[in-house]
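Chemist: Let me begin by handing over the structure; questions about it come next.
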Amino acid sequence: MENRAQFGSRAGFIFAAVGSAIGLGNIWRFPAVAYDNGGGAFFLPYLFALLTAGIPLLILEFAIGHKYRGSAPLSLARVRRGGEWIGWWQIGISFVIATYYSVIIAWALAYTYFSFKLDWGTDTTNFLIADYLKVGDTASMGSFVPGVLIPLILVWVIVLAIMYAGVKRGIEAATKIMIPLLVVLFTVIVIRALTLDGAVEGLNTFFKPDWSTITNGKVWVAAYGQIFFSLSIGFAIMITYSSYLPKKSDITNSAFITGFANSGFELLAGFGVFAALGFMAAQQGVGVNEVVQGGVLLAFSVFPTIINELPGFQQAFGILFFVSLTLAGLTSLISIVETYIAGIQEKFNVSRASAVTFGAGLTAIISLAFATQNGLNLLDVADYFINQFGVAMAGLFEVIFIAWFAKQLKPLQSYADSVSDIRLGAWWRISLSIITPVVLGYMMFDNLRQNLV
Ligand code: PHE
């Protein structure tokens, strides 16, 4: 126990936690989810979800990791017998996510390279699907796609190097450089996007509130879903990271900083993406609402099109955008991988190096399957599976276990208060014992119902 790895400082821990939270979800998921669920009006349920679930759960996970000083399975087992399997389940989800999250980062690296010569041409969707990913290309059926395989190997070399270097000299050192760099690069992009023709129209479309959505349960579920995914809650990540936090660190304050930094970046991305969409719509003479996209197509098809149409500095804009995507992804990927490195290390009592070789090595090998010609289909399946059966359930069991089964909210509240200047009130316990379980339970049954009918 005395030899447990530690972050050098609380700031280092916050960089790592913020690095985990800020990921692809902030850039390509949030803007589209907000737009689809009421635009400006979405900010009300979103803020509500942040304050009644996001930050309370972050505080909870920070308190568990900090107090019990173990990976998620070990910490939860120390809370009360029977908790271990919840931790392993969360680790299992993280493991699966890592196998395909790494592949998307590899695409972003490849597209950074394509940016130098705008290799994607004018039909960017066709380039992505047919030329780059080789979907439907029968001649290369079942074989690797070199354009994905090579950057994917590079991603794993970087991740393995960071993981071998350890918590302080690897994760902390890397995120301390990558997160500030990401914020600077991304801010440059957003400023450029905001000064393009049509940007204002884009922002008007984004922020125009549709208040009729406020009474729709689906909108609230979308808000909570975005908060859970975006803050990396229920994935064993935040418990693991906080177990490396020096004793006597203010965890409540750290949770507020992490939560607001993540939402701030999300808002920044909303501005940037919609300003750029507004520009594209103006160029094409169509309404902004006709070009709204999220996910893979937003990043790898719509953005290349926007880059094509820019009045100048196209390459620079492309490189900045895809490097940002790469950095945002990498700092999240290392946080998911750390969950099972910590778990393996403790469960089998092996060195960090062995756990990295085995755990991260296995993920790297499995991820190669997504670098084949059938990779995109596999990725869709894995992502669907995780969203339907993973996210809501793992978080739900965690809060029910802590709040109702182990009845540890009060002790954990005193624990958090003992290291913090901020006092947690009834707000914190009500959020975790009632609001979060109700929302997550609803989410889970809604998912199951959609899958069963
Ligand atoms: N929080 C990350 C994002 O917004 C996503 C993520 C989820 C990362 C789960 C790791 C684990 O993209």
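The values are calculated or read from the model by the stated rules, or taken from the named source; none is laboratory data. Everything numeric here is computed off the predicted structure, so don't read it as measured data. As a convention, Cβ positions derive from the backbone with ideal geometry for all residues, glycine included, and neighbour counts pool all protein chains shown. Side chains are part of the model used for accessible areas, which takes the heavy atoms of the whole protein and leaves out ligands, DNA and RNA. Shrake-Rupley method; radii C 1.70, N 1.55, O 1.52, S 1.80 Å.
Chemist: Inspect all residues belonging to region 125-134 and state whether any of them is open to solvent by 50 Å² or more (accessible area, probe 1.4 Å) and assigned to a loop (DSSP other than H, G, I, E, B).
Modeler: yes
Listed here are the residues, each with its yes/no results for (1) within 16 Å of the ligand (Cβ to nearest atom); (2) open to solvent by 10 Å² or more (accessible area, probe 1.4 Å).
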{"site": "Ile306", "(1), (2)": "no, no"}
{"site": "Phe313", "(1), (2)": "no, yes"}
{"site": "Val323", "(1), (2)": "no, yes"}
{"site": "Thr326", "(1), (2)": "yes, yes"}
{"site": "Thr331", "(1), (2)": "yes, no"}
{"site": "Ile334", "(1), (2)": "yes, no"}
{"site": "Ile341", "(1), (2)": "yes, no"}
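Chemist: In addition: So which residues in region 191-202 are surrounded by 18 or more Cβ atoms within 10 Å (Cβ to Cβ) and assigned to a helix (DSSP H, G or I), if there are any at all?
Modeler: Residues satisfying the conditions are Arg192, Ala193, Leu194, Ala199, Glu201, Gly202.
Chemist: When the residues of region 71-96 are filtered to those that are outside any helix (DSSP H, G or I) and in contact with a helix residue (DSSP H, G or I) (Cβ under 6 Å, 6 or more places away or on another chain), which remaining residue is nearest to Thr339 (Cα to Cα)?
Modeler: Per the criteria, the residue is Ser71.
Chemist: Moving on to the next point. Take residues that are within 30 Å of Ala165 (Cβ to Cβ) and tell me which of the helices (runs of 4 or more DSSP H) falling wholly in region 271-378 contain 1 or more.
Modeler: Once the helices (runs of 4 or more DSSP H) in region 271-378 are filtered for at least 1 residues that are within 30 Å of Ala165 (Cβ to Cβ), what remains is 314-347, 352-355, 361-367.
Listed here are the residues, each with its yes/no results for (1) away from the ligand (no atom under 15 Å from the Cβ); (2) of a type outside the set (S, T, N, Q).
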| position | (1), (2) |
| --- | --- |
| Phe186 | no, yes |
| Ile189 | yes, yes |
| Ala199 | yes, yes |
| Thr240 | no, no |
| Asp250 | yes, yes |
| Phe256 | yes, yes |
| Asn262 | no, no |
| Phe274 | yes, yes |
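Chemist: Given the structure, is Ile233 within 17 Å of His66 (Cβ to Cβ) and in contact with a Phe, Trp or Tyr (Cβ under 9 Å, 6 or more places away or on another chain)?
Modeler: Spelling it out, it is not the case that Ile233 is within 17 Å of His66 (Cβ to Cβ) and in contact with a Phe, Trp or Tyr (Cβ under 9 Å, 6 or more places away or on another chain).
Chemist: Identify, please: which residue in region 74-90 is over 15 Å from the mean Cα position of the chain (by Cα) and open to solvent by less than 10 Å² (accessible area, probe 1.4 Å) and is, among those, farthest from Ala328 (Cα to Cα)?
Modeler: Of everything passing the filter in region 74-90, Gly83 is farthest from Ala328 (Cα to Cα).
Chemist: Further question: Applying the selection to region 144-172, what residues are open to solvent by less than 50 Å² (accessible area, probe 1.4 Å) and outside any helix (DSSP H, G or I)?
Modeler: Of everything in region 144-172, those that are open to solvent by less than 50 Å² (accessible area, probe 1.4 Å) and outside any helix (DSSP H, G or I) turn out to be Val145, Gly166.
Chemist: Quickly run through region 20-42 and pick out the residues that are outside any helix (DSSP H, G or I) and either more than 11 Å from the ligand (Cβ to nearest atom) or in contact with an Asp or Glu (Cβ under 7 Å, 6 or more places away or on another chain) (or both).
Modeler: Of everything in region 20-42, those that are outside any helix (DSSP H, G or I) and either more than 11 Å from the ligand (Cβ to nearest atom) or in contact with an Asp or Glu (Cβ under 7 Å, 6 or more places away or on another chain) (or both) turn out to be Asn37, Gly38.
Chemist: Residue check: is Pro180 in a helix (DSSP H, G or I) and not β-branched (Val, Ile, Thr)?
Modeler: yes
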